[in-house]
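Enquirer: Before I ask anything, here is the structure I am working with.
Derivation of every value follows stated rules applied to the coordinates shown; laboratory data play no part. Quantities reported herein were computed from a predicted structural model and do not represent experimental measurements. Because the Cβ atoms are built from the backbone with ideal geometry, glycine has one as well, and the counts that use them run over all protein chains shown.
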Amino acid sequence: AIITGINKYLAIKSVTSFFTGALIFVFLKFQGVDFPILWGMIAFLLNFIPNIGSLLAAVPPVLLALIQFGFGQALVTAGAFLAVNMVIGSIIEPRVMGQGVGLSTLVVFLSLIFWGWVLGPVGMLLSVPLTMGIKIALAEYDSTRWIAILLGSNREVAKALEARETSEE
């Protein structure tokens, strides 16, 4: 169960990273910044490092836009990176990740903060798999199953409540 969860996590992260890289490529291509495919690939790869990766991926193309086109275009490039990463990284990815791996969106956010605090950047990268492992372990025992249910998505909570009502009848 843990391996399946980690595989789902990596699949979802790969897809969201692909779209991040693709959007960056398309924007930079239309803007005329040199080497757009390189910057898109770097955005894809560095997107696997939460928060910091997106910032690192933005630095070279923003500097290149500054050199090629001036300060205004560099700001536009930085704004595009910010917009892509805000929409995909802060809105779409947590929702899809929560539904895909059976964790609520809030738990995904909180686990990122907690594991980042405990283990640093490595903890941020491993936050969802670590939290899934804990959730699966908690679900194995009757005395802690309620915690696993609270960590789950709304769909899992609804199923648990429905199962409880059915068993009481």
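Enquirer: To the nearest 0.05, what FRET efficiency results for T4 and T144 with a Förster distance of 22 Å applied to their C-beta separation?
Expert: With R0 = 22 Å, the Cβ-Cβ based efficiency is 0.60.
Enquirer: Let me ask another. Note the angle between two axes, namely the Cα long axis of helix 36-46 and the longest principal axis of the Cα atoms of the chain, as a number of degrees from 0 to 90, rounded to the nearest 10.
Expert: That works out to roughly 30 degrees.
Enquirer: Quote the charge dipole size of the chain about the Cα centre in Debye, to the nearest 20; the model charges only the Cβ of Lys and Arg (+1) and of Asp and Glu (-1).
Expert: The calculated dipole for the chain is roughly 380 debye.
Enquirer: With the Cα gyration tensor of the stretch 22-119 in hand, give its eigenvalues times 5 under a square root as the equivalent ellipsoid semi-axes, listed largest first in whole angstrom. List each step's numbers first, then the result.
Expert: Values: eigenvalues 169, 35, 24 Å².
So the equivalent ellipsoid measures 29, 13, 11 Å along its semi-axes.
Enquirer: Additional query: What are the semi-axes of the equivalent ellipsoid for the stretch 2-168, taken as the square roots of 5 times the Cα gyration tensor eigenvalues, largest first, in whole Å?
Expert: Over the Cα atoms of the stretch 2-168, the semi-axes work out to 39, 14, 12 Å.
Enquirer: What FRET efficiency do you get for I92 and E168 if R0 is 35 Å and r is their Cβ-Cβ distance, rounded to the nearest 0.05?
Expert: Step by step, r from the Cβ atoms, then E = 0.35.
Enquirer: Something else: Which one of L103, L82, L126 is farthest out on the positive end of the charge dipole of the stretch 1-152, using unit charges on Cβ (Lys, Arg +1; Asp, Glu -1) and the Cα centre as origin?
Expert: Checked the options; the winner is L103.
Enquirer: Right, something else. Run the simple label-point estimate for A83 and A11 please: 7 Å along Cα→C-beta, distance reported in nm.
Expert: 3.2 nm
Enquirer: For I49 paired with L63, estimate the spin-label separation in nm (one decimal), with each label point 7 Å from Cα along the Cα-to-Cβ line.
Expert: It is 1.4 nm.
Enquirer: Kindly provide the helix-only [θ] at 222 nm of the chain, computed as the sum of -39,500 (n - 2.57) over DSSP H runs of four or more divided by all residues, to the nearest 500 deg cm²/dmol?
Expert: -27000 deg cm²/dmol
Enquirer: Tell me, in nm to one decimal, what length is gained between L106 and I37 on full extension, where the rule is 0.36 nm per residue of separation less the Cα-Cα distance?
Expert: 21.5 nm
Enquirer: Which listed residue (S143, L63, F19) has the Cα farthest towards the positive end of the charge dipole for the stretch 2-168, taking +1 on Lys and Arg C-beta and -1 on Asp and Glu C-beta about the Cα centre?
Expert: About the Cα centre, the residue reaching furthest to the positive side is L63.
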